[in-house]
1. Quick one: Lys59, Lys121, fewest Cβ neighbours within 10 Å first, how do they rank?
2. Find how many whole Å separate the alpha carbon centroid of region 106-121 from the alpha carbon centroid of region 65-97.
3. What length, rounded to one decimal in nm, is gained on full extension from Leu132 through to His95, with 0.36 nm per residue of separation minus their alpha-carbon distance?
4. Evaluate the charge dipole of region 54-143 about its Cα centre and quote only its size in Debye, nearest 20, assuming +1 on the Cβ of each Lys and Arg and -1 on the Cβ of each Asp and Glu.
5. Determine, for each peptide in 78-86, 123-131, the mean count of other beta carbons within 10 angstrom over its residues, then list the peptides with the highest first.
6. Among the lysines, which have Cα under 18 Å from the Cα of Lys59 when same-chain residues fewer than 8 positions away are ignored?
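Bear in mind these aren't lab numbers, they're just calculated from the coordinates by the rules spelled out. Since the model is a prediction, treat every value here as computed from it, not as a measurement. Note that we place each Cβ from the backbone using ideal geometry, even for glycine, and neighbour counts take in every protein chain shown.
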Amino acid sequence: MSIRLQILGLGLGLLFCSLGASAQDTTAPELPTAPVPELLAAAETPAEPVTVAVPQRAKQQADYLADALQLKSRQVAILRAALQTRLDAAEILSHMLFASAPVATAAFDDIDYRYYAAMGKVLTPNQFHKLLQLDEQATSAAEAPMVLRSH
C-alpha cells in the first residue's frame, strides 16, 4: 500500500474517532435500513492503488537525475540501467518475507550499495555528491510525517 493511502487511512481513522467521540454526547438519529445503491456500487469495485511499472519509474528517475546532475548520454544510459536493476530488486524484495528486520534491512542495503558502487564508477565526484544529496532529500521527504490541519 502506498504511503499516501496509509496517511489517508490514518487521517480518516482519526476523523472517525473524533466524530465518534462527539457523537456519544448526543442521541443518534435513526439511520435508513435500505442500502444506498451508490454505496453498493462503490463497495463492489475496490479501488486499486495506481502503480507505475518499474521500467517507467526507472526512466522517470533517470530523466530527472540526468537533468539535475547534468549527465552525458553515456552516463544516462548507465544510470538508467542501474536504476532499473535497483528498482527491480527492491520490487522483488518488497514481496518477500524475512526472518527478521535486520535481515530485511541488510538485503535492501545491499541493493543500495550495488547501485551506488555502479554510480561511483561513472559519475564525477561532484555529480556523485549531488546524487547522494538528492537521494537523502527524497528519503527524508518520504519519511517526514504529514501534518493534518483542520480548517
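1. Lys121, Lys59
2. Computed from Cα coordinates, the inter-centre distance equals 11 Å.
3. Difference between extended and current length: 10.7 nm.
4. In total the dipole reaches around 460 debye.
5. Numbers: 78-86: 18.7, 123-131: 14.9.
Those peptides, ordered most packed to least, come out 78-86, 123-131.
6. The qualifying lysines are Lys72.
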